[in-house]
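Data first, discussion second: the structure below is written as structure tokens.
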Amino acid sequence: GNSVTQMEGPVTLSEEAFLTINCTYTATGYPSLFWYVQYPGEGLQLLLKATKADDKGSNKGFEATYRKETTSFHLEKGSVQVSDSAVYFCALSDINQAGTALIFGKGTTLSVSS
Amino acid sequence: EAQVTQNPRYLITVTGKKLTVTCSQNMNHEYMSWYRQDPGLGLRQIYYSMNVEVTDKGDVPEGYKVSRKEKRNFPLILESPSPNQTSLYFCASSFLSGANVLTFGAGSRLTVL
């Protein structure tokens, strides 16, 4: 079945460091890919998405490119801020599957210090 | 403001005492879903609904019930809670068309003693 694997955290960085959080997936069909972010004490919110191969999603300085050949959707940011401290979830959906459920990775905790 | 509202946000209860967590959305979304979040396990889907009177099991439905009598509401019912249902619960909704962009509620932290 479909699945998402993302790097385990926690990831601890200093402000202005470069961030990469790896995400790979297994899927039949043609999934859409997402990154969701969960700030402390809040629900998840969409950070960015890509719906087909080679699409690049971007938002708030974060980017991720849908790579079908490597089945990956790695999240990157060139210069992190303390306010980026959160849990990041990679997810996929396959519109050919009943339920249109999102399948989430286990989440990666990012902690940025000043 | 477009949102998903869950109540209660925090609840401590005892084993066997029935409880309901309410979820309401004001975006006219067809699709609604419940997830639980546990350390090291990420988010796991409990139940989902694709429209009024249409519900189906997710990955971890045991011990839970849901109903979808109205489009905006999707309550989660724990008929006889047990300690292994201690968790952080999220309700989410979306339109069925498009790329499944879910809007999440703020979460309900449930502790079963």
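What to note about this one:
- Dividing the convex hull volume of the alpha carbon atoms of the protein assembly as shown by its residue count gives 120 Å³ per residue.
- Region A:1-106: relative contact order in percent, alpha carbon pairs under 8 Å with at least 6 residues between: 34 percent
- Charge dipole (debye, nearest 20) of chain B; +1 at Cβ of Lys and Arg, -1 at Cβ of Asp and Glu: 280 debye
- Calculated accessible area for region A:16-67 comes out at 48 Å² per residue, all protein chains present (probe 1.4 Å; ligands, DNA, RNA ignored).
- Once both labels are positioned 7 Å from their Cα atoms along Cα-to-Cβ, the gap between A:E8 and A:T26 label points is 1.8 nm.
- With a Förster radius of 25 Å applied to the beta-carbon distance between B:I77 and B:L113, the computed FRET efficiency rounds to 0.85.
- Inter-probe distance in nm under a simple model that places probes 7 Å from Cα toward Cβ, at A:T70 and A:E42: 3.0 nm
- For region B:1-104, the square roots a ≥ b ≥ c of the C-alpha gyration tensor eigenvalues yield an a/c of 1.5 or more together with a/b exceeding b/c, which makes the shape prolate.
- Overall form of region A:33-114 per C-alpha gyration tensor (a/c, 1.5; a/b vs b/c): oblate
- Chymotrypsin sites (Phe, Trp or Tyr not before Pro) within region A:1-44, DSSP loop, no more than 13 other Cβ atoms inside 10 Å: A:F18
- FRET E, pair A:S83, B:N26, Förster distance 35 Å, beta-carbon r, rounded to 0.05: 0.80
- The dipole here belongs to the protein assembly as shown: it is taken about the Cα centre, uses +1 on the Cβ of Lys and Arg and -1 on the Cβ of Asp and Glu, and is about 600 debye.
- Only aspartates and glutamates eight or more places from A:K60 in sequence, or on another chain, were considered; those with a Cα closer than 17 Å are A:E15, A:E16, A:E76, A:D84.
- Filter on A:K106/B:K18; A:K77/A:K106; A:K52/A:K106 - keep pairs with C-alpha separation over 26 Å: A:K106/B:K18
- On chain B, 52 percent of the accessible area sits on carbon and sulfur atoms, based on a 1.4 Å probe.
- For the chain pair A and B, buried accessible area totals roughly 1600 Å², probe 1.4 Å, rounded to the nearest 100.
- The B:N51 and A:F18 beta-carbon pair, evaluated with R₀ = 41 Å, returns a calculated FRET efficiency of approximately 0.40.
The values are calculated or read from the model by the stated rules, or taken from the named source; none is laboratory data. Please read all numbers here as calculations on a predicted model, not as lab measurements. Cβ atoms come from the backbone with ideal geometry, glycine included; neighbour counts cover every protein chain shown. Accessible surface areas use protein heavy atoms only, side chains included; no ligands, DNA or RNA. Shrake-Rupley method; radii C 1.70, N 1.55, O 1.52, S 1.80 Å.
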